[in-house]
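The values are calculated or read from the model by the stated rules, or taken from the named source; none is laboratory data. Computed from a predicted structure; not experimentally measured. Backbone-built Cβ (ideal geometry, glycine too); neighbour counts: all protein chains shown. Just so you know, the surface numbers come from the protein's heavy atoms only, side chains and all, with ligands and any DNA or RNA stripped out. Shrake-Rupley method; radii C 1.70, N 1.55, O 1.52, S 1.80 Å.
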Amino acid sequence: MIALNWDRRLAVALLFSPVAFAQNAGGVFGPEVTPNSKAAEVRFIFAPASDGRPDRCTSRFHYQQTISDSIRLRGVIQGADTSTSDFDYDLVQFEAQWQFAEDEDRGWDSALRLDLQIADDRPDLIALNWTSDVLLSERFFVRGIAQGGFQIGDNRQDGLFLQSRFGLNYRTDPGYTFQIQVFNFWGTTSDFQDLNDQNHSIGPAVSGPIGEKWSFEASSLFGLTDATADVDL
């Protein structure tokens, strides 16, 4: 993530994520909601050609703002390159995150996030995410996300779509964070596929400040199954 921080916060992000049903531009997001904050962010994702798949690029812009000490709203628009255009609209998404737990003594934060995704050429999606941070020591913490979602509209697939994400994080004194991230897309409860036909990937990430106003995050992922892209940059 590359971020610029003024009276309001402007962020530019380089986040590299796996391919699941369509290329994914999400991250291992945390539960923290910062009061009185605003942010804009753009993300770029590139998956090199592999296993007969062509090069793929996805870009995403979002704006978020807190409306209370524990609730944050976000709007997202995402596009991808196609055979006819460098940027074709892919989806818009609306998110509402509620941080319901912040326990400094026990080192545990937790939040729920409700997503409404309106897609261009596939059924829309409603999903609920649960994200938590658990402090292991002064420098190490682990983050986990569980998501369940269902499609709506024409040509929807039955069942609950399931995914999980995990991150092991190490923080240094200057404010840098080094991570190992794991993404798991399990499919739907109506038609679980074999493990090798699911999308699973793992990879490193690093984030931190650039001066007083900017910060960044960059990561890469490596596919663990035949159905997953070999590398996302």
(message) Give me the residue from segment 136-145 that is surrounded by fewer than 16 Cβ atoms within 10 Å (Cβ to Cβ) and out of contact with any Lys or Arg (no Cβ under 6 Å at 6 or more places or on another chain) and, out of that set, modelled with the lowest pLDDT.
(response) GLU138
(request) Determine whether ARG165 is charged (D, E, K, R), under 23 Å from TRP108 (Cβ atoms) and loosely packed, with under 14 Cβ neighbours inside 10 Å. (result) no
(request) Could you look through segment 217-233, keep only residues that are in contact with a Pro (Cβ under 8 Å, 6 or more places away or on another chain) and part of a strand (DSSP E or B), and pick out the one that is surrounded by the most Cβ atoms within 10 Å (Cβ to Cβ)? (result) LEU221
(message) Can you tell me which residue is nearest to the chain's Cα centre (by Cα) among those in segment 1-54 that are of a type in the set (Phe, Trp, Tyr) and modelled with pLDDT of 80 or more?
(response) PHE29
(message) Give all pairs with beta carbons closer than 7 Å in which a residue from segment 36-64 that is under 18 Å from PHE222 (Cβ atoms) meets a residue that is open to solvent by 20 Å² or more (accessible area, probe 1.4 Å) and aromatic (Phe, Trp, Tyr); count only pairs at least 6 apart in sequence or on separate chains.
(response) ILE45/PHE16
(request) Scan segment 38-71 residue by residue and report those that are open to solvent by 30 Å² or more (accessible area, probe 1.4 Å) and within 18 Å of PHE94 (Cα to Cα). (result) LYS38, VAL42, PHE61, TYR63, GLN65, ILE67, SER68, SER70, ILE71
(request) Write out, first by first residue and then by second, each pair whose Cβ atoms fall under 6 Å of each other, whose residues are 6+ apart or on separate chains, and whose first residue, in segment 120-135, is open to solvent by 30 Å² or more (accessible area, probe 1.4 Å) while the second is among the charged types (D, E, K, R). (result) ASP120/ASP90
(message) So GLY107 ticks every box in (1) in contact with a Leu (Cβ under 6 Å, 6 or more places away or on another chain); (2) among the small types (Gly, Ala, Ser); (3) open to solvent by 20 Å² or more (accessible area, probe 1.4 Å) but one. Which box is left unticked?
(response) (3)
(request) Please work out which residue is modelled with the highest pLDDT, limiting yourself to segment 81-122 and to residues that are outside any strand (DSSP E or B), closer than 28 Å to PRO35 by Cα and not acidic (Asp, Glu). (result) GLY107
(message) For ASN155, only one of the following conditions fails: (1) open to solvent by 50 Å² or more (accessible area, probe 1.4 Å); (2) at pLDDT 90 or above; (3) assigned to a loop (DSSP other than H, G, I, E, B). What is its number?
(response) (2)
(request) Report whether or not ASN199 is modelled with pLDDT under 95 and either surrounded by 14 or more Cβ atoms within 10 Å (Cβ to Cβ) or closer than 25 Å to LEU116 by Cβ (or both). (result) yes
